[in-house]
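The values are calculated or read from the model by the stated rules, or taken from the named source; none is laboratory data. Note that the coordinates shown come from a computational prediction; the quantities given were computed from them, not determined experimentally. Cβ: placed from backbone, ideal geometry, glycine included. Neighbour counts: every protein chain shown. Please note that ligands, DNA and RNA were not included when accessible areas were found on the heavy atoms of the full protein model with its side chains. Shrake-Rupley method; radii C 1.70, N 1.55, O 1.52, S 1.80 Å.
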Amino acid sequence: MLSKLTIKNYALIDSLELEFGPGLTIITGETGAGKSIMLGALSLIMGGRADSRVIADGGSKSVVEALFTHLTDDLQSLFSEYDLDWNPDELLIRREIAANGRSRVFVNDVPVTLNALSAISNRLIDIHSQHENARLNNPATQLEIIDSVSDNAELRMRYAAAFTRFVEIRNMVKHLREEIEKARENKEYLQFQYDGLKTLSPKRGELVEIEQRFELLSDADEIRSRLQLFRNLLGENERGAIDLLRAAKAEADKVDYSLVGVSTDGETPQIPVRLENVIVELQDIFETIDDAVSAVEADPAMLEKLSQRMNAYYEAVKHYRVKTADELVDMMERITAQLRSIETGGEELPALEKEGKKVAAEVKELGKKLTDTRKSGASRFSEIVTAAARPLGLNNLDFHANVEIGKIGPSGQDRVEFMCAFNKNQTPGPLARMASGGEMSRLMLTIKGVLAGRMDLPTIIFDEIDTGVSGEIADKMGDMMVRMSEDMQVMAITHLPQVAAKGDSHFRVFKKDEATRTVTHVRRLDPESRVREIAAMMSGSEVGEAALNNARDLLGMRDGTEVPTRDA
């Protein structure tokens with residue numbers, strides 16, 4: 001429930017901190033005193049639109065803070081969804097509006113998005129105003145109401161999942177048909193491209209290898225000549241490096257290097273050994289070069305063949321408008337897949353269509369079951385609402401919720417329309433056309449009362465829902481709010497003393513002129529102040545002893561002592 005509401009620097013409110021308890025809370029005050037300002041501030045907690053014009057001093061920020069306690073466990077999954085820490089004992093929501101219009105939202109001091117705020121707050125509190133009366137005429141709202149009394153939540157989830165799958169398959173079939181048709185139209189062109197690429201038969205990396213071999217064969221004579229010269233310089237002949245080194249080693253073997261101060265201790269090899277290592281390495285190089293000379297042979301026929309293959313690649317790259325030869329391989333693979341799809345697409349489509357028919361049958365079956373639950377729920381709901389509304393002065397009410405089968409959609413195949421007649425011998429018609437403002441308010445209160453135990457809402461606020469009624473009817477409406485407050489926290493903004501007298505607590509909203517501005521204040525009324533407030537609501541500005549006594553009677557008080565009006 002809403003335990004505390006703090007408002008700072010918002011419109012006519014300078015600073016306000018209110019604590020609320022369970023049961024029925026009454027809020028009264030003159031027209032224009034600031035009751036709607038309180039609701040406007042509270043709507044920010046509900047994710048409402050922020051406007052910097054509400055900042056009272058025009059410079060600093062406005063802050064609205066709501067503390068909720070006694071939270072229900074069904075909120076925990078929502079906190080997990082938005083990655084918020086769960087505390088079942090209390091929940092603090094804060095909304096800040098800066099002078100530049102920017103808004104910040106905090107849940108338990110953690111910044112969150114407006115979407116997260118709306119999702120959470122809409123599970124905590126419901127503000128019912130004249131706008132909500134108009135919303136009752138919306139077929140979608142009427143369907144939601146019937147679903148809430150039809151015990152079909154699990155069935156609706158199954159239907160929604162099946163319908164989603166049905167739509168997915170339908171879109172897949174449509175897309176596949178379009179692709180097949182498009183592919184068939186392009187088949188001749190695709191086949192032409194494929195045939196050209198097939199003739200080339202490109203291979204990944206082949207062009208690079210061809211270019212390297214072509215360059216080698218083009219310069220084969222020069223390369224062979226240079227390799228031969230290199231080999232001869234190393235080779236085994238009188239002028240070859242290898243023979244010269246062997247002669248050098250033979251002379252090196254005859255010298256005692258210790259006599260000339262050349263050390264042979266430690267890890268340093270003897271000079272003859274080092275010379276031998278050089279000779280071995282040069283011999284290996286010689287043999288490698290000798291093999292290379294044998295490998296380099298001029299081959300005009302192969303050179304011509306490579307040239308033709310290389311030019312074929314160049315022409316294909318230009319013709320197919322790709323950047324590299326490897327992209328020709330990619331293109332061929334893609335065209336091959338498209339042609340295969342044209343041939344095999346007919347096989348995939350029937351399987352998908354078969355599954356679509358199966359899911360469609362499931363949707364139809366679940367939709368029928370959903371219709372049955374709604375018709376049953378609508379029948380019960382109609383009887384309960386009719387009976388509950390009659391004590392509110394709607395003695396001749398003929399109310400029933402029609403469930404008609406229409407076009408299948410995400411929520412089923414049903415269209416709900418509330419039909420009613422308020423007078424004898426009157427043909428029932430759509431609610432929007434038949435109900436006056438006062439009748440709509442009473443009917444809406446009745447519906448809220450019927451749904452109170454099913455709404456899973458800790459708090460509901462009625463904003464002058466009793467407008468247009470008085471006397472005994474107002475007393476009955478107050479009794480209905482009292483019954484609702486047994487299952488949830490109820491707050492009622494009212495101008496009727498009969499309703500105001502039913503509350504467990506009572507707050508008065510009033511304006512006060514200060515030096516430079518007019519400020520809205522809210523005060524919790526003690527028993528005697530409450531008597532005077534009820535008396536003023538009954539008699540106007542002149543509050544005499546008779547009015548005070550009437551107020552005490554209405555409140556069930558004797559000699560200033562309040563008599564409990566319900567079980568503790």
Task: Percent carbon-and-sulfur accessible area, region 437-515, ignoring ligands, DNA and RNA, probe 1.4 Å - done: 40
Task: Nearest 10 degrees, 0 to 90: helix 527-539 Cα axis against the chain principal axis - done: 70
Open item on the list: At 1.4 Å probe radius, can you tell me the per residue accessible area of the chain in Å²?
Closed with: 56
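What is the percent carbon and sulfur in the accessible area of region 297-424, measuring with a 1.4 Å probe over the protein chains and ignoring ligands? Before the final figure, lay out the partial values.
Values: 3890 of 7520 Å².
Its accessible area is 52 percent carbon and sulfur atoms.
What is the sum of charges, Lys and Arg at +1 and Asp and Glu at -1, for the other residues whose Cβ falls under 12 Å from the Cβ of Leu18? All intermediate terms of the calculation are to be shown ahead of the outcome.
Working: positive: Lys4, Arg508, Arg523, Arg524; negative: Glu17, Glu19, Glu65.
With Lys, Arg at +1 and Asp, Glu at -1, the neighbours total +1.
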TODO: Which order do the peptides 354-361, 19-26 take when ranked by the mean count of other beta-carbon atoms within 10 Å per residue, highest first?
DONE: 19-26, 354-361
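For the chain, what does the helix formula give at 222 nm: sum of -39500 (n - 2.57) over DSSP H segments with n ≥ 4, over the residue count, nearest 500 deg cm²/dmol?
Roughly -17500 deg cm²/dmol at 222 nm, from the helical runs in the chain.
Check each of the trypsin sites (Lys or Arg not before Pro) in region 407-437 and keep only those in coil by DSSP with at most 15 other C-beta atoms within 10 angstrom; list them in order. Each step should come with its number before you reach the end.
Working: sites: Lys407, Arg415, Lys424, Arg433; in loops: Lys424.
Passing sites in region 407-437 are Lys424.
When the accessible area of region 114-193 is computed with all protein chains present and a 1.4 Å probe, what percentage of it is carbon and sulfur? If you can, show how the numbers build up before the last one.
Details: 2410 of 4590 Å².
About 53 percent, which is the carbon plus sulfur part of the accessible surface.
Only bridges whose two residues both fall in the chain count here: according to DSSP, what percent of them are antiparallel, nearest 5?
Around 75 percent of the beta bridges assigned by DSSP in the chain are antiparallel ones.
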Open item on the list: List the trypsin sites (Lys or Arg not before Pro) within region 52-108 that DSSP assigns to loop and that have no more than 12 neighbouring Cβ atoms inside 10 Å.
Closed with: Arg102
- [ ] With a bin width of 5 angstrom, please list the P(r) values of region 490-557 as percents of all Cα-Cα pairs, from the 0 bin to the one holding the largest distance.
- [x] 4, 17, 26, 23, 15, 9, 5, 2, 0
- [ ] Measure nothing but the geometry: give the 0 to 90° angle between the long axis through the Cα atoms of 471-484 and the longest principal axis through the Cα atoms of the chain, rounded to 10°.
- [x] 40
Task: Cα gyration tensor of the chain - equivalent ellipsoid semi-axes, whole Å, descending - done: 92, 40, 20
- [ ] Working from Cα positions, state the angle (0 to 90°, nearest 10) between the long axis of helix 206-218 and the longest principal axis of the chain.
- [x] 20
